[in-house]
Each structure stands twice: as C-alpha cells, then as structure tokens.
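The values are calculated or read from the model by the stated rules, or taken from the named source; none is laboratory data. As the structure is a computational prediction, the values presented were derived from the model and not from experiment. Cβ atoms come from the backbone with ideal geometry, glycine included; neighbour counts cover every protein chain shown. The accessibility values were calculated without ligands, DNA or RNA, using every heavy atom of the protein model including side chains. Shrake-Rupley method; radii C 1.70, N 1.55, O 1.52, S 1.80 Å.
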Amino acid sequence: MSAPIGNEPGRAAGRPDSGTASDGLVAGLRSMASYRGQITHVEHLAAQAAKEGSLSSPLPVPLQGYLDQRGLRLWSHQVETIEAVRRGENVILTTSTASGKTLAFNLAVLEALHIDPVATAIYLYPMKALANDQLNALDGILRATGINAGAAVYDGDTPKGRRAGIRAKSRLVITNPFGLHEYLPSHHLWERFASHLSLVVVDEAHWYRGALGSNVAMALRRLRRIASHYGADPRFVLASATIANPAEHAANLVGLPHRVLDNDGAPRGPKDFVCWNPTANPARSPHQQAADLLAHFASHGYQAICFTVSRRMAELVARWASTAAPACRIVAYRAGYRAADRRQIEDDLRRDNVDAVAATSALELGIDLGRLDAVVMAGYPGTICSTWQQAGRAGRARAASIAVLAAFEGPLDQYLVKHPEELFGRAHEHAVVDLTNPHILSGQLTCAAAELPLRESDSEHFGSQMAPLVVALTEEGLLTPTPMGHAFHGTFRPASAVRLDALGDQDIEVRCGDLLLESVSRARALATAHPGAILLHRGSSWRIESLDLKSGIARAVAEDTESYTETLSQTSIEVLGERHQRQLGRATLCLGDLRTTRQFYAYRLKDRDRVLGTHRLDLAPVEMDTVGVWLRLPPELAAEVRRVPGRDYAGGLHATEHALIHMMPLLAMCDRRDVGGMSCPLDQGGVIFIFDDHKGGIGIAEKAFEHFERLGQIAMGLLEGCGCEIGCPSCVYDRSCGRDNAPMDRLAAAHILRMILPGRAIAEPETGRLWPVLAKPGAHLRPAAG
C-alpha cells in the first residue's frame with residue numbers, strides 16, 4: 001500500500017504535465033522504429049475526483065494535528081475504515097493501488113493505541129522490504145504525534161539483542177506470516193503483548209491464496225486462539241487489491257465475518273492502458289520490445305518501470321534499455337541485491353534520480369516509489385489482480401499516466417490482448433483458500449497442540465475435520481491426551497517442520513554443493529528435478545546430476561544454457577468418490593475425490609522449439625489423492641464431431657482439457673502449474689478431468705465446479721480467437737504436456753464446448769438416454785494412445 005506521507009502529493013518538477021491521459025504517448029508508441037502494429041487495444045481510463053469524508057467525532061488531537069500540518073484531507077474510504085474500527089468491526093479494504101489504504105489503517109490503529117495506553121497491535125506484511133518501508137513511515141507519524149507505540153520490526157533479521165526489549169516494551173510489532181508462525185510456540189514470552197492485543201492488520205491480503213493462503217489462515221486462527229487464552233479478542237483489518245470475493249476471502253483467512261470497504265474515494269489522474277502484442281514484430285523478442293518501450297518512455301521524460309518475470313530478465317531489460325537510451329539512467333532492481341542497494345534505488349526513484357527501472361514483481365507491492373508516469377509489464381503478471389497492482393504503480397494522485405501490457409506468446413497472454421474485455425469489463429479472479437486440506441490441517445494442528453493442548457471447543461477455529469485428524473495424529477504418536485486436552489508428543493519442533501508455503505510434503509532438497517536452491521515435493525521432483533533436468537531457479541539455469549529419493553536430495557550444478565527440458569508422462573485417474581454433480585448443457589459436470597497415478601517415462605532436451613534429444617527415465621510412479629472436476633460427455637457428441645471431415649475427437653478432448661487449464665488463472669488466482677488434467681475418448685462418449693495438482697487439493701476444483709460456465713466461455717474465446725488449424729503455442733499447446741501435445745484438434749475442441757455450454761448448444765437431446773455409467777466411483781481411466 002502507499003506510504004502515509006500525504007494524500008495529495010505534488011508532481012515532481014520537470015515531468016510532463018497531466019492534461020489528457022495520453023499526452024501524445026500512444027501516438028508516440030506508434031512512431032517507434034520497431035512499431036509494426038503491436039497495439040491491439042487502448043483503454044482510456046478517466047480521471048476521478050476525490051470524494052472526501054467527515055468523521056463522526058474528531059481524531060485525537062495529535063493525529064488530527066499531524067494531518068493539519070501536512071494539509072491532508074481524509075477520503076471517504078479512509079473515514080469508513082476508521083469508523084468501522086471504532087465500532088469494533090473486522091474490515092477488508094479493497095480500494096485501488098495508491099488510494100491511501102495504509103494511512104487509513106494507520107490512523108485507525110494509532111487512535112486505538114492512543115486511547116488505550118496498554119493496547120497492542122500486529123502488522124503482517126508478505127515481504128520484509130514492505131515491513132521496513134512501513135516502519136519508516138510509521139516512525140514519521142509517531143515522531144510527529146508523540147504517540148508512544150514503540151513500533152518495531154520483529155523478524156529473522158532482528159538482532160537477538162533487541163528482541164527481548166521489543167517483547168517487553170513495544171506496542172506495535174511489524175512482522176510477516178512466516179515470522180508469526182515461528183513465534184507463536186513461544187507465546188509465553190509475549191504474554192504482556194498478547195493479553196492486550198487489540199488490532200491485527202494483514203496487508204496485501206490477496207497475496208495469501210493456495211497452499212500459502214491455507215497455511216496463513218490456520219496461523220491466524222492459532223493467533224486468535226492464543227490471544228483468547230490470554231483474555232484478548234483482537235479485531236482484524238485486511239487491506240487487499242481488488243478480488244472477486246473479498247468478504248469470502250477475509251472470512252476464510254481469519255475465521256470471522258468482515259465488512260467490505262470498496263468505495264474508493266481517492267482521486268486519480270487519467271490513464272491510458274495499452275494492450276501490446278509483440279508477435280506483430282517477430283524480429284524482436286517480447287523482452288526486447290519491453291526494453292524498447294522502457295527506453296522510449298525514459299528518453300521522452302517519463303519516469304517508468306518495467307516488470308519482468310525473472311531476475312535475469314530484469315538485468316537484461318535494463319541493459320538493453322540503457323543501450324537504446326544512453327542519456328538516461330536506467331537500472332535493474334531485484335532480489336539478491338544488498339538491502340542497502342535496494343533502498344538506494346527506491347530513494348533514487350522517489351527523488352527522480354533514476355529515469356527508469358526494470359524490476360521483478362517485488363516492486364508490485366506497496367513499497368513507496370514516488371510518482372511514476374509509465375508502467376511496462378513484460379508478460380501478463382499471472383492474475384488480473386496483479387496486472388492492476390502493477391499498472392497502479394504509475395499515475396498517483398492527479399497525474400496522467402500510461403500502462404502497457406506487452407504480452408508473451410503463451411495462450412493466456414494472447415487471449416488477453418485479443419479479448420481486452422477480460423481486463424476491463426469482467427470481475428477479477430477469486431482468491432482461493434482451502435480450509436479442509438487434511439495435509440495442511442494435520443501440520444497446523446500439531447503446531448497448535450505444541451502451543452496449547454487441543455480441546456473440542458477448538459473446532460471453532462479448525463473446523464469439523466479437527467476431531468478425526470486429532471484421532472489420527474494421536475494414533476501416529478504425535479499427540480497424546482492429557483487432562484487439558486491433546487498435547488503435542490513428538491520429538492521435533494512442529495513450527496520448524498511445517499512450511500507455510502507448502503503442503504507439508506516438500507521433502508526433496510535441490511542442492512548445489514552446500515547451497516540449498518529450493519525444496520520440492522517428491523512428485524514435483526520427479527517432474528522437474530530428475531537426472532538430466534534443466535532447472536530454472538530465480539533466473540539461473542541448473543542441471544540436475546542426481547536424484548536420491550531415499551536421502552531426499554537432488555544434486556545440481558550451475559549451467560549457463562538456453563536449453564530446457566520437458567518430461568513425458570502417462571497419467572491414469574481413479575475416481576474415489578463423487579461429491580456433487582449437475583447438468584451442463586449436454587454434459588454432466590461432477591466434483592469429487594480422485595487418485596492420480598503419473599509415470600514419467602522420458603524427457604526431451606530442447607533449445608527453443610528444436611528437440612536436441614530424447615532420454616528415457618526409470619522412475620517410480622507417483623500417486624496422489626486430490627480433488628477434481630470432470631465432464632461426462634455423451635456418445636452422440638463424439639459421433640457429431642467424427643462426422644466433420646478432418647476432425648479428431650480425441651484431439652478435441654485433449655485441446656478442450658488444455659484450454660480449460662490455460663484459462664483457469666482467470667477464474668481462480670492460481671498458477672497454470674497448480675492444475676492438472678486428463679482426457680479420455682471412450683465408446684460411451686468421453687470424459688475430461690481437471691484437478692488440483694496438489695496433494696489433498698487447494699480449493700481450485702471447487703471454484704471451477706461453481707463457476708464452470710464462465711471458465712468454459714473464456715476457454716471458448718481462446719479456441720475461437722486463434723487462426724491455427726489443430727493447435728499452436730498461442731492457444732492449446734502446453735510445454736508441460738506429458739503426451740507431447742498429441743493428438744490435438746482446436747476446431748474439434750471448439751465444437752465440443754459449443755455443444756455443452758449453456759446458450760451455445762444446437763439442440764438438447766432427449767433426457768435420460770445419454771448418460772451411461774462413466775467416471776463413476778471406482779472407475780480407473782487412462783487416456784487413449786495418441
């Protein structure tokens with residue numbers, strides 16, 4: 001969120017004036033030497049006037065004096081936040097980037113701490129850099145107001161000599177969920193702080209989704225449970241980018257109902273949002289064109305930022321842009337730099353000492369960068385939410401700005417630049433948090449039991465699955481019954497064994513010598529860390545020399561290469577149980593529990609799209625129980641597709657599966673790699689499976705079942721919007737396809753979806769005669785041979 005230094009920042013001297021949003025910038029893009037018609041759409045976003053608000057009663061004199069001295073006026077959503085916190089409500093604030101969310105919750109928290117001299121508060125940020133940025137902003141307010149809050153960052157970087165003093169005296173502690181998870185077992189050291197805990201602020205709440213979100217949700221419940229143990233009942237203030245389900249997401253994260261505050265009262269200048277398709281100029285790669293755009297903005301006096309997908313590309317884009325605009329100061333910003341160097345770049349941006357920066361997504365979040373004029377996104381950021389977060393880094397307050405989405409060649413990027421209505425006219429994605437995954441719950445329950453014995457009443461926090469899992473953990477010897485409840489009985493420290501960003505099965509360490517690169521699950525290791533695999537980690541390439549499943553170690557060596565590897569695999573699926581089903585046009589849509597078995601039998605070494613060699617693998621099959629949705633298709637549909645000359649029904653099912661998976665990130669805030677799939681043409685019709693590619697599921701399949709019509713419609717848009725014959729990398733080809741994208745038939749897939757989507761079917765056949773027993777519990781299905 002933006003730093004609380006002024007609701008009305010002035011425009012830096014020497015910058016172009018505001019006026020209309022484009023100020024000739026869009027015309028300037030069309031005049032670039034490398035322009036070949038890359039602009040596919042320009043969305044003009046009008047300026048918005050400020051909507052001010054008035055509090056029902058004044059802020060305490062020190063805080064009001066702080067605002068008056070700086071000439072700051074409160075906007076409507078800031079007033080609503082303060083009033084809601086005064087009433088004791090839990091809130092989630094979802095206004096735009098740079099709308100003053102930080103100032104809103106800072107004022108609310110500091111008012112509470114001023115009124116109650118023993119009250120305490122916690123701020124949670126996803127990254128240490130954000131925590132330090134917030135501390136600097138808070139220190140400015142505290143010095144100006146004289147409020148005694150003793151704000152301090154408490155995380156892994158906090159010197160041990162300062163920690164006891166913070167625990168003893170600080171009333172406002174800033175940390176991150178990973179730190180919170182580690183410190184909860186030592187809650188007896190925090191008794192003073194916990195017994196007076198009044199407010200918990202969770203910033204960038206949309207960040208917590210998938211496995212991380214599920215674990216953070218359990219850690220927040222553990223915090224509430226410990227606070228209750230000491231007699232406290234804190235209120236929660238969440239701040240988030242715009243998502244489709246803010247009330248549901250807040251309730252899932254915290255376990256309490258939240259009021260949604262989304263009436264944005266902040267002023268904003270006009271903005272042009274440009275969709276840019278680099279495929280129109282194949283002579284220059286998408287990243288080279290992003291560098292061209294960055295150099296163009298910098299050389300025309302517009303301070304700009306380019307978001308890249310990796311550290312390596314941040315360095316390359318900065319280098320290319322500097323070469324194209326040698327009179328400008330253009331730098332890279334990424335993790336791996338010394339903290340002092342990153343702070344210097346941030347300060348240089350704020351002071352206009354840097355013309356442009358190429359950065360990883362670390363700068364997407366709310367570190368204060370001053371007032372940028374232009375944003376270039378080198379590739380779709382992965383979610384609409386992140387797209388607007390990045391675009392919002394330019395054009396603060398009333399200044400005009402421009403944002404350019406420079407798409408990659410992949411299906412999702414190409415779909416968006418051809419269907420801009422998805423960015424500008426549709427709801428944002430759903431943030432998905434699964435509260436029922438038994439692997440996550442088991443780990444979190446062991447953590448909770450190590451903090452305080454588990455009682456039956458704790459099901460209020462951990463849900464109805466707690467009781468059977470407590471029985472299972474007791475049988476495993478990890479819990480033991482005591483008069484106070486079930487206590488942890490293991491020989492290890494649960495908080496050290498349970499990772500917040502994993503499902504509890506990250507047991508393969510990828511190492512280069514003594515350097516730990518990353519930890520992955522056994523299933524992921526077989527797919528990406530097998531002998532011979534090229535692993536891309538933080539922009540660098542590593543070749544896997546060996547994988548020892550017994551010791552849990554994969555050995556890697558650094559290798560400077562542009563080559564990459566793709567595994568080939570065969571997947572079979574057993575339906576363990578069906579939870580729900582409903583009609584979807586001429587198909588039946590089911591949600592249920594699956595067991596997948598995947599055999600990695602070979603891998604290919606490739607350079608660009610050229611195959612350098614294929615190598616056999618001798619690896620054990622991987623079984624995984626998860627949650628999925630599947631479509632049961634009638635035999636008549638198969639007959640219709642096969643009657644069309646040249647169409648391949650099996651290829652149509654395969655292409656439909658890929659299209660649905662590729663578009664899933666527009667429905668749920670997930671990565672393409674979070675989702676798996678399989679399709680089977682059968683004598684009795686066919687079936688298409690889409691499943692969570694995580695043990696136990698992480699909630700994506702449930703969202704797909706609930707909103708499958710929307711998923712199908714956008715998949716249909718992908719299929720209909722491509723001009724290829726059977727499929728290509730811009731629509732249904734997938735580099736991670738275990739069957740090497742064969743068979744594939746884009747046009748047959750479009751016909752299949754057209755037949756089943758509501759409003760698209762040609763005719764509804766007679767009910768009752770189309771549904772054979774297919775993909776029922778116990779059915780074990782394999783894809784047909786290519």
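Value of Rg to Rh for the range 579-638, rounded to two decimals, is 1.20; Kirkwood radius and Rg both from alpha-carbon coordinates. Other residues within the sphere of radius under 14 Å centred on the Cβ of residue 746, judged by their own Cβ, net out at -4 (K and R +1, D and E -1).
The label point for residue 36 and the one for residue 338, both projected 7 Å from the Cα toward the Cβ, are 4.4 nm apart.
For 139, 157, write out the residues from largest to smallest accessible area, computed with a 1.4 angstrom probe and no ligands counted. Walk me through the numbers before you get to the answer.
Numbers: 139 50, 157 105 Å².
From most exposed to least exposed: 157, 139.
Heavy-atom accessible surface of the range 447-564, averaged per residue, reaches 52 Å², computed with a 1.4 Å probe.
How big is the range 608-745 by the Kirkwood estimate over distinct Cα pairs, in Å?
Values: mean 1/r = 0.0623 Å⁻¹.
One decimal place: 16.1 Å for the Kirkwood radius.
Expressed in Å, the radius of gyration and Dmax of the Cα atoms of the range 454-495 are 10.2, 28. Solvent-accessible area assigned to carbon and sulfur over the range 60-154 amounts to 51 percent, based on a 1.4 Å probe.
Ranking of 576, 184 by solvent-accessible surface, largest first: 576, 184 (1.4 Å probe, protein heavy atoms only, all chains present). Using a 1.4 Å probe and ignoring any ligands, DNA or RNA, find the accessible area of residue 725 and quote it in Å² to the nearest 10. For residue 725, solvent-accessible area is about 110 Å².
Net charge dipole, the range 167-312: roughly 480 debye, given to the nearest 20, about the Cα centre with Cβ charges of +1 for Lys and Arg and -1 for Asp and Glu.
With contributions of -39500 (n - 2.57) from each DSSP H run of at least four residues, the per-residue ellipticity at 222 nm computed over the chain stands at -10000 deg cm²/dmol. Summing charges over neighbours of residue 547, with a neighbour being any other residue whose Cβ is under 13 Å away from its Cβ, gives +1 when K and R count +1 and D and E count -1.
With the convex hull drawn over the C-alpha atoms of the range 552-605, the volume per residue is 180 Å³. Evaluated at q = 0.11, 0.21 Å⁻¹, the base-10 log of the normalised Debye intensity for the range 351-508, with identical point scatterers placed on the Cα atoms, takes the values -0.69, -1.27.
Projected over every direction and averaged, the convex hull enclosing the alpha-carbon atoms of the range 242-366 yields 11.0 nm².
Projecting the Cα positions of 668, 309, 357 onto the charge dipole of the chain (unit charges on Cβ atoms of Lys, Arg, Asp and Glu, taken about the Cα centre) puts 357 furthest along the positive direction. Test of understanding: extend the Cα→C-beta vector of residue 262 to 7 Å, then name every residue of the range 189-221 with backbone N under 18 Å from that spot. Label zone hits: 204-209. Local charge for residue 274 was computed over the other residues whose Cβ lies under 13 Å away, with Lys and Arg +1 and Asp and Glu -1, and equals 0.
Just the accessible area per residue of the range 566-648, please: how many Å² with a 1.4 Å probe? Walk me through the numbers on the way to the answer.
Numbers: 3860 Å² over 83 residues.
Result: 47 Å² per residue.
What ranking do 322-334, 219-231 get when scored by the average of other Cβ atoms within 10 Å per residue, highest first?
Ranked by mean Cβ neighbours within 10 Å, highest first: 219-231, 322-334.
Positive end of the dipole of the range 704-748 (Cβ unit charges, origin at the Cα centre): among 737, 707, 718, the Cα lying farthest that way belongs to 737.
With a 1.4 Å probe and all protein chains in place, put 606, 695, 101, 418 in order of accessible area, largest first.
Numbers: 606 25, 695 70, 101 5, 418 90 Å².
Final ranking, largest accessible area leading: 418, 695, 606, 101.
In the range 102-211 the Cα-Cα distances spread across 5 Å bins starting at 0 as 2, 12, 23, 27, 20, 12, 3, 1, 0 percent of all pairs.
Since only 536, 520, 487 are under comparison, the one whose Cα sits farthest along the positive direction of the charge dipole of the range 463-540, derived from C-beta charges on Lys, Arg, Asp and Glu, is 536. Across every direction, the projection of the convex hull enclosing the Cα atoms of the range 288-358 has a mean area of 4.2 nm².
Here the label points at residue 67 and residue 615, each 7 Å from Cα along the C-beta direction, are separated by 6.5 nm in the simple model.
By the beta carbon rule, with partners counted only under 4.7 Å, the chain holds these lone Cys residues: 275, 306, 328, 385, 447, 512, 590, 670, 680, 737. In this structure, residue 195 and residue 54 have a Cβ-Cβ separation that, at R0 = 35 Å, corresponds to a calculated FRET efficiency of about 0.50.
The value for the range 524-632 of Rg(Cα) / (2.2 N^0.38 Å) is 1.38.
Evaluating kT/(6 pi eta Rh) at 10 °C and 1.306 mPa s, with the Kirkwood radius of the range 373-445 over Cα pairs in the Stokes-Einstein relation, gives 109 µm² s⁻¹. When only alpha carbons are used to place a centre, the range 535-570 and the range 177-239 end up 37 Å from one another.
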